[in-house]
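Input: a single structure, listed below in C-alpha cells.
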Amino acid sequence: MDNPELAHLNQIELDGPLDQPERGVLARDLATGSILVVPREIVRALLRYKHARRPEQQDEEAKKRDRMGIANLLHSVQFLRQANRAGQQPFNPLFVRLSLFSVARFQPHLTGLAQALVGPAYLWLMAGLLLVSVWLGFQSDWAIAQAFQGIFSPEALLTFAIAAPLLKVFHELGHVLAATRYRTRVAQAGILFIALFPIPFVDCSDADVSANRKQRVIISLAGLFTDILLGIIIFIAWHFTTGDFLRALLGNLFVYLTLNSVLFNVNPLVKLDGYFALTDLVRYRNLSQDGGRFFKNFQLWLGSLGRQGEVPGSSGEIAILVYAALSFFYRIYIVGFIAYSLIPRYMGLGAVLVVWGLVVMFFAPLARAPKAGGGAGMREHAPIWSVRLVVLACVALALIFVRVPVRQEIEVVIDTAGHYAMTAPETGQVTELRGYGTVSEGVVLAELEYRPLRDQLAERIAERDIALRSLEAERDGEPLRAATARQRVNVLRSQINQQQFRLQGEILTAVTGGIFVPRPDLHVGAHLEAGVAIGAFYPEQGQAILSGHFPERYVHHYRSGLRAAELRFGGQYHVLDTASLILQERITVDQQSGQRLYILQVRVAMPPAEVINGFGRARLEFRTESLWQRMAFHARALLQNLQDARLSELERQLGTIR
C-alpha cells in the first residue's frame, strides 16, 4: 500500500454480509472493541485492499477515492482510540471493572436453549406459573407479604448481601440468552466492584449496531424477565416449605428480587435495564447525559432568576429535564429512606450502609463518567446573594404554609391475650382438655380439679359443724355467747357457699358456638396456677377485636387529631368508626430498636372465628401538618430512636454480664 497507515487494517475486523456490502457492514476495532458502521463504498475498498483484489482496469481517480475513504476510516478509528484513552480515569476503588472471559465463544452452545426460552415458550411458562402463584396467594391470604416487614432485619440484610451476586449471575444469563437468540455477540463477562461490593456483568454493547430496536429492548429487559421467573418459582416454593429457616430464606430472597426489580432494574429513573429499554423505546440514547446537562443549566437559571444558565426551549427538552429531576430526587429518596430505617436500628453499621448507598447512587456513577468541559450554556457562577435570599425565602414559605397529610399504618391481629384467652380461675390440675376445633354452645372445653380449694372447703365444713354444735349448746345459755356462736355459723356458711360456687369453675364450657384453640404445651395432669392461660376461644358471632403495636411518637397525633381510619383484612377494606378504636397504655419495647409501643385495639364487623389465622393493616389518618412540622417530627423521632436503641443495647450488654 502507498499509505503506511493502511497497515492498521489488520486490526479492523469486518462483520456482516461481505458479499453483499450494499447495506454496509460492521467494523470492529480489535484493539479497543469499538464498533463502527462502514458505508458500502468503503466496504468495497477494504475488500479490494485487504484481499489484494484491485482491478487492473481501475483508473487513478477511483484508486484515489479508495485511499481517501480508507484513510478516513482509519482516522475515525484513531480518534475513537484517543477518546477511549482520554476517557480513562485513574484507578478508583469505588468502581473497579474486572473482565474475566469472552462470552462469545460459548454462545454457539447456548443457541438451542436461547431459542427454546426466548420466545413463546417463556410466555406460556410464565402464564402457567402466574396462575399457580395467584391461586396460592389467595389460599394463604398473601401471607408471604409478612416477609417485607423484616427487610431491614439482620437475617434479611445478610441474605441480600450473600444472594445478590449469585442471583445476578442468573440475571446476566438472561441477557446472554436473549442476545444469543438475536445473534448478538456478547463481548465479555466479569465483575464490577462498586464500593467494594461484587456485581457480575456482561457486555451486550454490540446490540447497539447488530440488533434492531425491538430486539434491543428485549435484550435489555431479559435480565428482568429472568428475575421475575426466579421470583415466581421462589414464591411457589415458599408455600410448599415448612421449615422456619427455609421459609425465612425463601421469603427474604423473594423480597430481594421484588424490591430489586421494582425499585432499580425496571425503574427507568436508575441507569439500569429499565433505563436502556426506555431509551430504545423513545429513540433517545443520550437521555441521561442530556438530562444531567439540562438539569444543571436549569438549576443555575433558577438560582440566578434567569441571569445565568438556560431553560429548555422545546417540549422534548422539558420532558428530558423533568426526567433528570425525577431521577435525582428518586435517588435522594432511596438513600434517605435507607438512612431513616437503618441508622436508628444499627447505629454505626447503619451509618456505614448509608454511606455505601450514597457511593453507589451518586459517587460511583460520577467516577465512571468522563468529565465534561464547559459548554455554551454553562457560564461562570456568580454570587448573586439577593437572588439566593429570594429562593431561600420561597423555600421557607413553602415549609411553613404547605401542609401534608399524616398517616400511619399498624399491623393488627386477633387480640387473643386481651379478649379471647381462657385462663384457670383457680390453682389446680387439668383433668380433661378438648383439642383444637369447632365447638357448639355448652360443650366442655376443659375440666380442672381445684385440690387446694377442695381442701379449704372441707376445713370450712368441719369448722361449721363444730360451730353448729357450739351454737346448740349455748342456745339456752348466755345470750351474748349464743349471738357470737350464731354469727360464727353464718360466716362459715357464707364462706362455704362462696367456695362451692368457685368449685363450679372446674368445668369450663363454651358460652356460644366458636373455635377452641388449646395451649400447645398443655396436657392432662398439668398443674396450673390461677390466671395461667388454658387456651383461647373465638366465637362464631359478634365483632372481632384486633390489636397491634402503636408507636409512642404518634400518640400525640392520635389523641389530638385522628380524622379517619380504615382496615384492610383478607383482601377487603373496612371503614372504621374512630370512636371504636381504643389506645391502651400497655407499653412494650421493641427489642431491636428500643422503641416504646402502645397497644391499639380495633373493632371490626367480622366474627372472631373468621380472623384467627390472618392479619390486617389499619391505616390511620391524622390532621395535616406543615412541611416544617413533619421535618421536625421525623428529626425528633430519629433522635429518640437513636437514644432508645442505645439504651436497649446497654440493657442487653448488662444482661449478658449478669
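The values are calculated or read from the model by the stated rules, or taken from the named source; none is laboratory data. None of these values were measured; they are calculated from a predicted model. With ideal geometry, Cβ positions are generated from the backbone for all residues, glycine too; neighbour counts draw on all protein chains shown. Accessible surface areas use protein heavy atoms only, side chains included; no ligands, DNA or RNA. Shrake-Rupley method; radii C 1.70, N 1.55, O 1.52, S 1.80 Å.
Results, tabulated for the structure shown:
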| quantity | calculated |
| --- | --- |
| So K168, is it touching a residue at least 24 places away in the same chain (Cβ under 8 Å) and either of a type outside the set (D, E) or more than 28 Å from H109 (Cα to Cα) (or both) | yes |
| Where a residue in segment 439-451 is within 20 Å of Q429 (Cα to Cα) and touching a residue at least 60 places away in the same chain (Cβ under 8 Å) and its partner, wherever it lies, is open to solvent by 50 Å² or more (accessible area, probe 1.4 Å) and basic (K, R), with Cβ under 6 Å and at least six apart | L445/R434 |
| Condition check for V602: under 30 Å from L397 (Cα atoms), at pLDDT 85 or above and of a type in the set (V, I, T) | no |
| Single residue of segment 551-599 satisfying the filter (charged (D, E, K, R) and at pLDDT 85 or above) that is nearest to A143 (Cα to Cα) | R568 |
| Residue check for V517: under 26 Å from A609 (Cβ atoms), out of contact with any strand residue (DSSP E or B) (no Cβ under 7 Å at 6 or more places or on another chain) and in contact (Cβ under 8 Å) with a residue 40 or more places away in the chain | no |
| Condition check for L321: in contact with a Phe, Trp or Tyr (Cβ under 9 Å, 6 or more places away or on another chain), modelled with pLDDT under 85 and of a type outside the set (G, A, S) | no |
| Residues satisfying the stated conditions in segment 210-220, i.e. of a type outside the set (A, V, I, L, M, F, W, C) and open to solvent by less than 30 Å² (accessible area, probe 1.4 Å) | S220 |
| Count of segment 497-522 residues which are assigned to a helix (DSSP H, G or I) and of a type in the set (A, V, I, L, M, F, W, C) | 2 |
| Yes/no for R481 being open to solvent by 70 Å² or more (accessible area, probe 1.4 Å) and either among the basic types (K, R) or at pLDDT 85 or above (or both) | yes |
| Members of segment 499-514 found to be over 19 Å from Y436 (Cβ atoms) and either without any contact (Cβ under 8 Å) to a residue 12 or more places away in the chain or surrounded by 15 or more Cβ atoms within 10 Å (Cβ to Cβ) (or both), listed by number | Q499, F501, R502, L503, Q504, E506 |
| Among residues of segment 392-439, those that are among the β-branched types (V, I, T) and under 29 Å from the mean Cα position of the chain (by Cα), counted | 6 |
| Segment 183-207: number of residues that are open to solvent by 20 Å² or more (accessible area, probe 1.4 Å), within 22 Å of Q115 (Cβ to Cβ) and in a strand (DSSP E or B) | 1 |
| Among the candidates S560, S547, residue that is within 27 Å of the chain's Cα centre (by Cα) and of a type in the set (G, A, S) | S547 |
| Residue match in segment 208-220 (condition: of a type outside the set (A, V, I, L, M), assigned to a loop (DSSP other than H, G, I, E, B) and touching a residue at least 40 places away in the same chain (Cβ under 8 Å)) | no |
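Rundown of residues vs (1) more than 30 Å from I545 (Cβ to Cβ); (2) polar (S, T, N, Q); (3) in contact with a Ser or Thr (Cβ under 8 Å, 6 or more places away or on another chain), yes/no style:
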position: V413; (1), (2), (3): no, no, yes
position: T416; (1), (2), (3): no, yes, no
position: E426; (1), (2), (3): no, no, no
position: Q429; (1), (2), (3): yes, yes, no
position: G437; (1), (2), (3): no, no, no
position: Q456; (1), (2), (3): yes, yes, no
position: E459; (1), (2), (3): yes, no, no
position: E472; (1), (2), (3): yes, no, no
position: Q487; (1), (2), (3): yes, yes, no
